[in-house]
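Remarks on the structure that follows.
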Amino acid sequence: MDTARFISRQIEEIKIIAGSERAVSALSGGVDSSVCTMLAARALGSKLKSVFIDDGLMRQDEPSDVKKIFAKLGVKVEVVDAQREFFAALKGRLDPEEKRKAFRDTFYTVLGRAVKKSGARFLVQGTIKPDIIETKGGVKTQHNILEQIGIDPQKDYGFKVIEPIRELFKPGVREVARALGLPERISERMPFPGPGLSCRVVGEVTPERVALVRKATLIVEEELAVLKPFQAFAVLMNDRGTGVEKGQRKFGHIIIVRSVESQDAMTAEPSPASWDVLRNVTQRILKEIPTVTRVAYEVTPKPPATIEYI
Ligand code: XMP
């Protein structure tokens, strides 16, 4: 790919589509939405408003970190606190697809409000090629796919969507991120799903269960960093496992550690983690999250498993 040409073409296209209108960029701090925010900021300048939706499902310190990183790049980010709204929408839902749809509806309702409030008519978002392929193929309802499956964002949420990197796969997005001068922390960052930690809580998504998986995620990311995986994370199961503590039976949480190697997330292989790495991550999870009684390492490739659990 001719990266410089791609960048100038996309900037031109955003200018043509938005004209003199305002636009909102939905920024999550992942590489996809970060690239789109930078492209749109270059195209629209002060006519772009960048919004970070705090859905309560992000990793540790994410909202404040993203705000700081983009401030350094000259992009002001508004954080919208919608945690209560997301947890209310997810309450009592156990089915993976129902959870995904509840997330998507809340996400676009909150964004729709932000777009309306800022007087914008366009939403810039970081949809990439695999998102479209997997949602159209019926693998799962990716949170950011609307028009491609017949949802009219103008009618349902009040804005038109601009998707500057919809033809790219992850390696291409990273190339563009580097060329745009995004810091390594963003350009080389592991993929993180739009519905956030709700993809990593099997069963009901509650603030308590998300807090637990957030802690475990941080430990897994730190301990497995040596493997330089495509993606590594923790999953909280819906069942409990029997354990023993000081001679007493203890019925605790079960955490799955998942780490995969992949090029484009369409297929994946489990990371060949060494015994030392597995022992260290397990010991830290058990010590730092005492309600966990069992930790397991997942070795299923994609297919047949998907990377995430919902
Ligand atoms: P799966 O679980 O389908 O995931 O093998 C493939 C890649 O996509 C990420 N993922 C998502 N990303 N919105 C996103 O932006 C979503 O709804 C979503 N679901 C999964 C996942 O983390 C993996 O990298």
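Remarks
- Figure legend. Inter-residue proximity from region 254-272: first residues at positive phi and polar (S, T, N, Q), second residues surrounded by fewer than 22 Cβ atoms within 10 Å (Cβ to Cβ) and not in a loop (DSSP other than H, G, I, E, B), beta-carbon distance below 8 Å, spacing 6+ or different chains. No pairs are indicated.
- Residues of region 113-156 classified as buried (at least 22 other Cβ atoms within 10 Å of the Cβ) and away from the ligand (no atom under 13 Å from the Cβ), total: 5
- Taken over region 197-211, residues that are within 12 Å of residue 103 (Cα to Cα), more than 9 Å from the ligand (Cβ to nearest atom) and not in a loop (DSSP other than H, G, I, E, B) amount to 2.
- Odd one out for residue 131 among (1) assigned to a helix (DSSP H, G or I); (2) touching a residue at least 60 places away in the same chain (Cβ under 8 Å): (2)
- Search result, residues across region 18-35 that are touching a residue at least 40 places away in the same chain (Cβ under 8 Å) and surrounded by fewer than 16 Cβ atoms within 10 Å (Cβ to Cβ): 21
- Test result for residue 197, surrounded by 17 or more Cβ atoms within 10 Å (Cβ to Cβ) and at pLDDT below 90: no
- Conditions (1) within 16 Å of the ligand (Cβ to nearest atom); (2) surrounded by fewer than 19 Cβ atoms within 10 Å (Cβ to Cβ); (3) hydroxyl-bearing (Ser, Thr, Tyr): number failed by residue 291: (1)
- Top-ranked residue of region 262-287 - restricted to ones that are surrounded by 12 or more Cβ atoms within 10 Å (Cβ to Cβ), within 16 Å of the ligand (Cβ to nearest atom) and not hydrophobic (A, V, I, L, M, F, W, C), ranked as modelled with the lowest pLDDT: 264
The values are calculated or read from the model by the stated rules, or taken from the named source; none is laboratory data. From a predicted model like this one, the values you see are computed outputs, not experimental measurements. All Cβ positions, glycine included, derive from the backbone under ideal geometry; neighbour counts span all protein chains shown.
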